Structures are given as C-alpha cells and as structure tokens.
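Please treat every number below as a calculation from the coordinates, not as lab data. What you see is a predicted model, and the numbers here were worked out from it, not measured in a lab. All Cβ positions, even for glycine, are placed from backbone atoms using ideal geometry, and neighbour counts span all protein chains on display.
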Amino acid sequence: MEPNLILTGFMATGKTTVAKLIAAKLGWEAIDLDELIESEAGCPVSEIFEKFGEKHFRELESRALVSALTRINMVLATGGGVLVREENRKLLERIFVVNLSAPWEEILKRISRDGDTRPLAGEGEERLKEIFLNRKVLYDSIARQVDTAGIAPEEVADRIVLMYEEEK
Ligand code: S3P
C-alpha cells in the first residue's frame, strides 16, 4: 500500500484539522486539497466558484488530486465534493481512504459557526441538506469510516492512525 492517507467526508466533518493531527503523529506532510487548488489558481475557492462556476472548480479539483497523489508520506484532506466525480473515486480506489462523518444537525451547526465561507454553504440550508443527502451514498461507499460526532479531533486522529497501523 502507498504510504499515503486520504480523508474524505462532507464539509465540516473535520478533515483538515484531523489531517494535520495525523500528519504530526506519523511525521508526514498534511496537504489540504482546497489549498492546493487555491495556490495553483492564485485565488480562493469562493472566487473560483463565483467567477468560473462549480464545473470549472471540479476540473481544477481533479487536476489537483492527480498532482497531490504523486506525493508520498502525505495525509490529504480532500474537499467535500471530491467523491462526486467517478475519475476521482477511481484514483482513490487503491489508497488508504477514511471517510469522516457527522450527523446533519452537527454539520449544520459547525458550518454556521464557521461563518459560511464555503460557496455551497451560501446556497441555503435546504439546498445544502439536499447535497448532503444526495452524496450520502458516495461517502457510505468508503470502506473505512469514522463517525466524528461527540469525539475530539485528537481521538479521531488516534483511531485513524491505529486503523492505518493495523492494515499497512
Ligand atoms: C465543497 C467542499 C469544500 C470545497 C468547496 C466544495 C463541496 O471543502 O472543496 O467549497 O462540494 O462539498 P470542505 O469540505 O473542506 O469544506
């Protein structure tokens, strides 16, 4: 197995925070896919959505994923929509992927608390819930799952490191 660890999950499930914690434990590099996209595009994700639309963002996201996966000893926090494209799902098939989940109420609370910087969060609660429900099957399709409800990010990271150590 490639020495890489990938986190998927809906927005606000803690992917970026947990990726950093896991990376520190393993002595690996933490990479955030949105940050890679932003540094390659030279502008924030919100601006990419605003100026070029979601379809273009998905193109950049797939490209950034391919480029990220050339690295090793990396904990990659993906964006919540990365599983939407089949080509991305295919790329992740041979890698150690863990999906982080949380109940809808918890996600909504966290997104509101974050101050809605995410473009899709700006589409309103109803639309956001629809996206969440539509994607559920994709998140559920990931074999390794951690439900983050009521668990500190540190504990989530410990569980994932343990899963990785047991399987590698
Ligand atoms: C998205 C999630 C965001 C970001 C973009 C689209 C999505 O990442 O990639 O706003 O489609 O779910 P986070 O999951 O890190 O918020």
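Return yes when I6 is within 11 Å of the ligand (Cβ to nearest atom), crowded, with 16+ Cβ neighbours inside 10 Å and touching a residue at least 24 places away in the same chain (Cβ under 8 Å) and no when it is not. For I6, the condition - within 11 Å of the ligand (Cβ to nearest atom), crowded, with 16+ Cβ neighbours inside 10 Å and touching a residue at least 24 places away in the same chain (Cβ under 8 Å) - is not met. Screening A24, A30, A12 for residues that are over 26 Å from G122 (Cβ atoms) and either over 14 Å from the mean Cα position of the chain (by Cα) or in a loop (DSSP other than H, G, I, E, B) (or both) leaves exactly one candidate, A24.
Within segment 59-86, no residue that is free of Cβ contacts under 8 Å to residues at least 12 places away in the same chain sits with its Cβ atom under 8 Å from a residue that is exposed (fewer than 15 other Cβ atoms within 10 Å of the Cβ) and aliphatic (A, V, I, L, M) at 6+ positions apart or across chains.
Can you confirm whether A77 is touching a strand residue (DSSP E or B) at 6+ places or on another chain (Cβ under 7 Å), under 27 Å from K129 (Cβ atoms) and of a type in the set (G, A, S)? Full working, then the answer.
Working: touching a strand residue (DSSP E or B) at 6+ places or on another chain (Cβ under 7 Å): yes; under 27 Å from K129 (Cβ atoms): yes; of a type in the set (G, A, S): yes.
It is true that A77 is touching a strand residue (DSSP E or B) at 6+ places or on another chain (Cβ under 7 Å), under 27 Å from K129 (Cβ atoms) and of a type in the set (G, A, S).
The residue that is surrounded by the most Cβ atoms within 10 Å (Cβ to Cβ), counting only those in segment 12-35 that are more than 12 Å from the ligand (Cβ to nearest atom) and not aliphatic (A, V, I, L, M), is W28.
All conditions but one from (1) under 17 Å from T17 (Cα atoms); (2) touching a Phe, Trp or Tyr at 6+ places or on another chain (Cβ under 6 Å) apply to Q145; the one that does not is (2).
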